[in-house]
Amino acid sequence: MKEEIIYHIDQDVIELNNPVMIVGLPGVGHVGKLVADHMVEALDAKKIVDIYSEHFPPQVMVKEDSTVELVGNRLYLAKTDKMDLLILAGDSQSTDPAGHYRLCEIYIDFASQFKVNRIFTLGGYPTGVINAEDYVIGAVNNIDMIDELKEKNIQFSPSEPPGGIVGASGLILSFAKFRNIDAACLMGTTTGYIADPKSSKVLLGRLCDILGIEVNADALDEKIKDMDQIVEKIKDSVVGEDGEEYYEQAPASEEDLVYFG
């Protein structure tokens, strides 16, 4: 099966105001995915595109009514007073390198088609540490964005993440540069082992500050409470010499911490 694009709304009737694209696909700690999914719900975003591909896993998702849906990604449109948001969310990234390039090309085609002026890809930065300080690390495709994002408490460190950014969150930045679209990857710190709604809430707050919009975070607060209870039941940690708690299966080398967006 080749990539199949299904439009739910005629593009000609969509008049976008100062459009910005947000990308939150599955990755480390599901940090970016949780933010994107939350924004779709909180902003009552409307689905405008379904994306299916042979590069996704051979899998269907079972919905609450026990019917199935093919694994895919979706593009949503949310309107705010200051701008319109195109939110790319979904079930999976590509399972092979060629697919990452092909799918990112499709995502950037949409950005160009809808005349997006900025793209923010979202993800998690793995630390391997429980209860680490919450902050957001950034990478950009235009150095002129750095000072602006630093003012919004986005941290930049030379050559971080070590090993670079693997997956859509990184490739989209380079693809966007080819189309003269400014783009930044925002990464919330997380253990890297479990879904992390706490990191997602921090990342959501930074993103909203950058965009100058408000998004209710109550649903993420509920997920944080649920996850805290789960962690207390299942975590099996050891205490290091520095007094921090680490999972017994913590990454053993810098290569293990390469960021997968």
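If I model a spin label at residue 61 and residue 146 as a point 7 Å from the Cα along the Cα→Cβ vector, what separation in nanometres do I get?
Going by the 7 Å Cα→Cβ label model, 3.7 nm.
Between residue 230 and residue 214, what is the spin-label point distance in nm, taking each point 7 Å from the Cα along the Cα→C-beta axis?
So the two model labels end up 3.0 nm from each other.
Tally Lys/Arg at +1 and Asp/Glu at -1 over every other residue whose Cβ is under 12 Å from the Cβ of residue 199; what's the total?
+2
As a footprinting exposure proxy, order 137, 143 by other Cβ within 10 Å, with the fewest listed first.
143, 137
So if each residue of separation counts as 0.36 nm, and I subtract the Cα-Cα distance between residue 68 and residue 109, what length gain in nm does that give?
Length gained, residue 68 through residue 109: 11.9 nm.
No value in this document is a laboratory result; all are computed from the given coordinates. Computed from a prediction, not measured in an experiment: that's the story for all the values here. Methodologically, a virtual Cβ is constructed for each residue, glycine included, from the backbone with ideal geometry; neighbour enumeration extends over all protein chains shown.
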